[in-house]
Amino acid sequence: HPSRSPATHTGKGGETHQTAGGETPVMTTQQGLAISDDQNTLRVGPGGPALLEDFHFREKIFHFDHERIPERVVHARGYGAHGYFELTDSLADVCRADIFGRVGERTPAFVRFSTVAGNKGSADMVRDVRGFAVKLYTQQGNWDLVGNNIPVFFIQDAIKFPDFVHAAKQAPDRDFPQAQTAHDNFWDFVSLSPEATHMVCWAMSDRAIPRSFRFMEGFGVHTFRLINAEGRSTYVKFHWKPRLGLQSVVWNEALKINGADPDFHRRDLWQAITSGNFPEWDLGVQLFDDEFADGFAFDILDPTKLIPEELVPVRRVGRLVLDRMPDNFFAETEQVAFCTQNIIPGIDFTNDPLLQGRNFSYLDTQTERLGGPNFTHIPINAPKCPFHNFQQDGHMAMHNPRGRANYEPNSWSQPAGGPRESTDGYRSFAQEQSGPKLRQRSESFADHYSQARQFFISQTPVEQAHMRDAFVFELSKVETPAIRARMVSHLLHVDPGLAEGVARGLGLSPLPQPAAAARPVLTGLGP
Ligand code: HEM
């Protein structure tokens, strides 16, 4: 009868040897050689020197020495889960993508939630934006919706991203703070960048201390395009709406939770999914056309703005269910590579300058982080539909072309001739473009305060008080008085009561002058 548990015996030093047999597999080297003793190095006599010849020892230690890879440059701390997307309402009239065509069809998904600023080993319950990255393994290729739990962003142009991230992460001289907004560099940068005001208000709201990943919304942030079978374009904003609703903790709870259990969000997701409480989100879309875009008070390409749901209601078209934890954190959650440029027929980009910069950044950084150009061959990143091309070689190549042809056009018949272009393949939306080549922010991006004000006044009095207290707490850690005053000068445009409350909490008197505003602040959602 095969034994279910390994046989054991004790070695001369009292060490435990567990031996293979029955269902217990044999431990081998990377070359497949069975190992007889994994407890002792090869030596000359019991007290003698270790031998260089000990290839098993050297292979084991060599591999251990190389276990670490660079952590993500942002969103380093994250936690992922597998699941599926199921379409509940067809979008076939506006989108030719398969995933939006057949109601009831399920598409495998992998989702990674993350904090942004903290390092890989930082705590979960910090005040920060949360990443909400979704990889959908569609039959037409992988589509990644790399979003956050907040619908807008700090900056309007990707060229500012390195500065923003440098300022938000630990300062280069002291290497702290690790995961808090509470420091001079962060507030210096955002108070010198009025475009950040709207997002800073969200970051000081309860949204930035979510109760768990299961109670968070997700947003694609940018305006994308849906393209239908006739080639017509419709603008779209993507939303994930948690079926459990939205919940946050209060700041005092966050501080205690971080101290008691820095893995609080990880543990919550693990326990929910492994006990069968599968979290679900509805996929929502806001659809609008050029006419709406032209009449809207803000530029739909400005990622510091949202489209109010009062003006364009969110239509729910499907559900995302997370029902399986990864077998191995590193292989899946750490090695997963989301990229905004991974799109499928029926979905296209817009000229949002943040989105266009992201399309360069992700592939570039992942080539560094995951050790070369072949990280798409790692199972978590590979498509689940057939894929063939003539890309070859590089470190760790797993899918080199088969046969003679590694170029095209070629005149070899099949199968030697290899893959060919498809008449049904991806085509970019043929947007008309003209204009001078220059470095200049669009005039239509200049209103930095109106939506920040809308956000503040949409909060309940309790939530408004939380925001004020968050500003006071975070800014009270800022050592430079001019930076505190500069931030309050922006808040004067958001809400005078908020600005006064923050100034009072900081002992700042008299109030600074309001910051120079390029545009008058609107009192409504727009015309
Ligand atoms: C990582 C979202 C802007 C560069 C991430 C991740 C998310 C995210 C969710 C983590 C992905 C994961 O879980 O593996 C966003 C959103 C943005 C934004 C919603 C604005 C709307 C930018 C910009 C840049 C950028 C402007 C650069 C120009 C990166 C990089 C990573 C990253 C380099 C690390 C990727 C990796 O190592 O795999 N971002 N991001 N992001 N983001 Fe962004």
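The values are calculated or read from the model by the stated rules, or taken from the named source; none is laboratory data. All values derive from a computational prediction rather than experimental measurement. Glycine gets a Cβ as well: all are built from the backbone with ideal geometry, and neighbour counts include every protein chain shown.
Write out, first by first residue and then by second, each pair whose Cβ atoms fall under 6 Å of each other, whose residues are 6+ apart or on separate chains, and whose first residue, in the stretch 131-157, is on the phi > 0 side of the Ramachandran plot while the second is more than 8 Å from the ligand (Cβ to nearest atom).
Gly141/Ile344; Gly141/Pro383
Please go through the stretch 99-129 and give me each residue that is under 21 Å from Val314 (Cα atoms) and touching a residue at least 60 places away in the same chain (Cβ under 8 Å), ordered by number. So that I can check it myself, show each step before the final result.
Taking the stretch 99-129 first, the residues under 21 Å from Val314 (Cα atoms) are 99-104.
Within the stretch 99-129, Ile99, Phe100 qualify.
Which of the residues spanning the stretch 59-89 are loosely packed, with under 15 Cβ neighbours inside 10 Å, without any contact (Cβ under 8 Å) to a residue 40 or more places away in the chain and away from the ligand (no atom under 16 Å from the Cβ)?
The answer is Glu59, Ile61, Phe62, His63, Phe64, Asp65, His66, Glu67.
Among the residues of the stretch 421-441, what is the count of those that are surrounded by 12 or more Cβ atoms within 10 Å (Cβ to Cβ) and modelled with pLDDT under 95?
1
Tell me which helices (runs of 4 or more DSSP H) are completely within the stretch 153-212 and hold 2 or more residues being of a type in the set (Val, Ile, Thr) and touching a Phe, Trp or Tyr at 6+ places or on another chain (Cβ under 8 Å), or say none if there are none.
In the stretch 153-212, 197-203 are the helices (runs of 4 or more DSSP H) which contain 2 or more residues that are of a type in the set (Val, Ile, Thr) and touching a Phe, Trp or Tyr at 6+ places or on another chain (Cβ under 8 Å).
Pick from Asp348, Asp352: which is surrounded by 13 or more Cβ atoms within 10 Å (Cβ to Cβ), charged (D, E, K, R) and within 16 Å of the ligand (Cβ to nearest atom)?
Asp352
Considering the stretch 220-234 alone, what residues qualify as being in contact with a helix residue (DSSP H, G or I) (Cβ under 9 Å, 6 or more places away or on another chain) and surrounded by 21 or more Cβ atoms within 10 Å (Cβ to Cβ)?
Initially, the stretch 220-234 is screened for residues in contact with a helix residue (DSSP H, G or I) (Cβ under 9 Å, 6 or more places away or on another chain), giving 221-224, 226, 233.
Val221, His222, Thr223, Phe224, Leu226 - these are the residues of the stretch 220-234 that are in contact with a helix residue (DSSP H, G or I) (Cβ under 9 Å, 6 or more places away or on another chain) and surrounded by 21 or more Cβ atoms within 10 Å (Cβ to Cβ).
Please go through the stretch 118-135 and pick out each residue that is farther than 20 Å from Ile69 by Cβ and either out of contact with any His (no Cβ under 8 Å at 6 or more places or on another chain) or assigned to a strand (DSSP E or B) (or both).
Ala123, Val126, Arg127, Asp128, Val129, Arg130, Phe132, Val134
State all residues of the stretch 168-219 that are away from the ligand (no atom under 14 Å from the Cβ), in contact with an Asp or Glu (Cβ under 9 Å, 6 or more places away or on another chain) and free of Cβ contacts under 8 Å to residues at least 40 places away in the same chain; if no residue qualifies, say none.
Selection gives Ala171, Phe186, Phe189, Arg211.
Being over 30 Å from Ala517 (Cα atoms), not in a loop (DSSP other than H, G, I, E, B) and not aliphatic (A, V, I, L, M) narrows it down to one of Gln356, Gln366, Gln391, Gln433, so name that one.
Gln366
Which pairs turn up if I take residues in the stretch 42-53 that are β-branched (Val, Ile, Thr) and look for partners that are assigned to a loop (DSSP other than H, G, I, E, B) with beta carbon separation below 8 Å, at least 6 apart in sequence or on another chain?
As it stands, the answer is Val44/Leu51, since those pairs meet every condition given.
Using the structure shown, decide if Gln341 is in a loop (DSSP other than H, G, I, E, B), away from the ligand (no atom under 11 Å from the Cβ) and in contact with a helix residue (DSSP H, G or I) (Cβ under 6 Å, 6 or more places away or on another chain).
Values: in a loop (DSSP other than H, G, I, E, B): yes; away from the ligand (no atom under 11 Å from the Cβ): yes; in contact with a helix residue (DSSP H, G or I) (Cβ under 6 Å, 6 or more places away or on another chain): yes.
The answer is yes for Gln341.
Which residue pairs have Cβ atoms closer than 8 Å, lie 6 or more positions apart in sequence or on different chains, and pair a first residue in the stretch 505-526 that is within 22 Å of Phe471 (Cβ to Cβ) with a second residue that is of a type in the set (Phe, Trp, Tyr)?
Short answer, once both residue conditions are applied: Gly505/Phe471; Ala517/Tyr449; Val521/Tyr449.
Please determine, by comparing only the residues of the stretch 192-219 that are touching a Gly at 6+ places or on another chain (Cβ under 8 Å) and surrounded by fewer than 22 Cβ atoms within 10 Å (Cβ to Cβ), which one is farthest from Lys160 (Cα to Cα). Full working, then the answer.
So the first thing to find is which residues in the stretch 192-219 are touching a Gly at 6+ places or on another chain (Cβ under 8 Å), and the list is 215, 218-219.
After this cut, where a residue has to be surrounded by fewer than 22 Cβ atoms within 10 Å (Cβ to Cβ) as well, the list is 215, 219.
Details: Phe215: 31, Phe219: 21 Å.
Step by step, filter the stretch 192-219, then rank; the result is Phe215.
Do we have any residue at all in the stretch 472-484 that's closer than 20 Å to Thr304 by Cβ and assigned to a loop (DSSP other than H, G, I, E, B)?
no
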